[in-house]
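The values are calculated or read from the model by the stated rules, or taken from the named source; none is laboratory data. Bear in mind that the values here come from a model prediction, so they are computed numbers and not experimental data. Cβ atoms come from the backbone with ideal geometry, glycine included; neighbour counts cover every protein chain shown.
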Amino acid sequence: MARRPKQSPFEDLIDLAALMPWWITLPLALIAYLWLNSIVTSPIPAPANPADLGSHMSGMMLRGLAVPAQYFVPAALVFGAIASIFGRMRRKKLFDSVASNENTLESISWREFELLVGEAFRRKGFTVQETGQGGADGGIDLVLLKDGEKYLVQCKQWRRQLVQVNVVRELFGVMAAERAKGGFIVISGRFTEDAKVFAQGKNLRLIEGAELNEMIRQSRAAAARQNSQPTISKAPYQPTSATPDPLAHPPRETQPICPTCQAPMVQRVAKRGSNVGNTFWGCSQYPKCKTTRNEMPA
């Protein structure tokens with residue numbers, strides 16, 4: 001979370017608590033109050049001789065700090081937990097909005113785009129940390145943790161500009177400096193061919209807007225299927241294959257190119273009209289381009 005200018009320590013603590021899950025922050029608030037209150041209520045023995053004067057003064061200073069801290073530290077943690085809950089609700093609403101075509105990647109702000117990408121990775125099993133170091137122009141926006149490994153993510157919501165190879169080179173250098181296992185660059189548009197060539201053979205995955213849209217829809221559909229399935233008894237344990245590489249590109253159908261604007265097309269489901277329920281290909285630049293294809297490639 002980005003630091004606002006001239007913040008107080010109280011606001012800094014709220015921002016820090018908002019980055020953590022609320023079910024961790026609320027117990028921490030109770031623990032902090034009980035610990036600090038015990039310092040305030042514990043008696044400080046009077047010094048028996050001049051040699052004890054130093055420890056007596058230290059105890060008095062600690063109690064003086066604990067008196068206000070016993071209230072503002074738990075309060076900051078509670079406010080942070082509330083911010084975490086509302087942030088989670090906001091991310092879910094944004095994710096569902098984009099997944100159901102009520103919102104597009106081009107119509108949201110860069111900050112919402114960053115939240116959307118974080119939620120997409122969170123639903124893939126990553127622990128997501130928002131760094132606040134990015135912004136509309138650049139920087140590392142997200143740090144992903146999974147299976148003890150660290151991945152760096154840069155988000156770019158550039159509507160009318162191809163992302164150049166220098167952006168990919170910069171992230172690759174940061175990955176080496178941070179000793180990250182891999183990295184992702186997620187954009188709302190498209191990469192240049194030079195950028196794609198540079199990323200080949202490296203632990204660096206480039207995700208364009210069309211692929212991000214598809215990833216969001218698949219994640220939402222999988223969650224809906226899981227929620228609709230009845231609870232059944234667990235089957236006997238069977239060994240599974242190794243965890244798939246998160247940097248590996250998922251298999252997908254041949255993706256056609258829009259004949260009007262040359263952008264990739266994405267698979268959608270008709271929600272109205274005579275073709276309701278049928279699948280079709282639609283331009284990823286919708287609503288700027290409304291080209292569709294009804295036939296599916298073999």
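Residue-by-condition table, conditions (1) free of Cβ contacts under 8 Å to residues at least 24 places away in the same chain; (2) more than 12 Å from the chain's Cα centre (by Cα); (3) crowded, with 21+ Cβ neighbours inside 10 Å:
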| site | (1), (2), (3) |
| --- | --- |
| GLU106 | no, yes, no |
| GLU130 | no, no, no |
| LEU152 | no, no, yes |
| TRP158 | no, yes, no |
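Rundown of residues vs (1) surrounded by 10 or more Cβ atoms within 10 Å (Cβ to Cβ); (2) modelled with pLDDT of 70 or more; (3) not assigned by TED's automatic domain parsing to the domain that holds GLN161; (4) not polar (S, T, N, Q), yes/no style:
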position	(1), (2), (3), (4)
THR240	no, no, yes, no
PRO259	yes, yes, yes, yes
GLN262	yes, yes, yes, no
ALA270	yes, yes, yes, yes
ASN278	yes, no, yes, no
LYS288	yes, yes, yes, yes
(message) Under 9 Å between Cβ atoms, which residue pairs at least 6 apart in sequence (or on different chains) link something in segment 81-98 that is within 15 Å of TRP22 (Cα to Cα) and modelled with pLDDT of 90 or more with a partner that is of a type in the set (Phe, Trp, Tyr) and loosely packed, with under 13 Cβ neighbours inside 10 Å?
(response) ALA81/TRP23
(message) Taking the condition of being in a loop (DSSP other than H, G, I, E, B) and under 24 Å from GLY139 (Cα atoms), how many residues in segment 80-116 meet it?
(response) 6
(request) Given the conditions (1) touching a Pro at 6+ places or on another chain (Cβ under 9 Å); (2) closer than 12 Å to LEU206 by Cα; (3) modelled with pLDDT of 95 or more, report the number of the one that ILE185 does not fulfil. (result) (1)
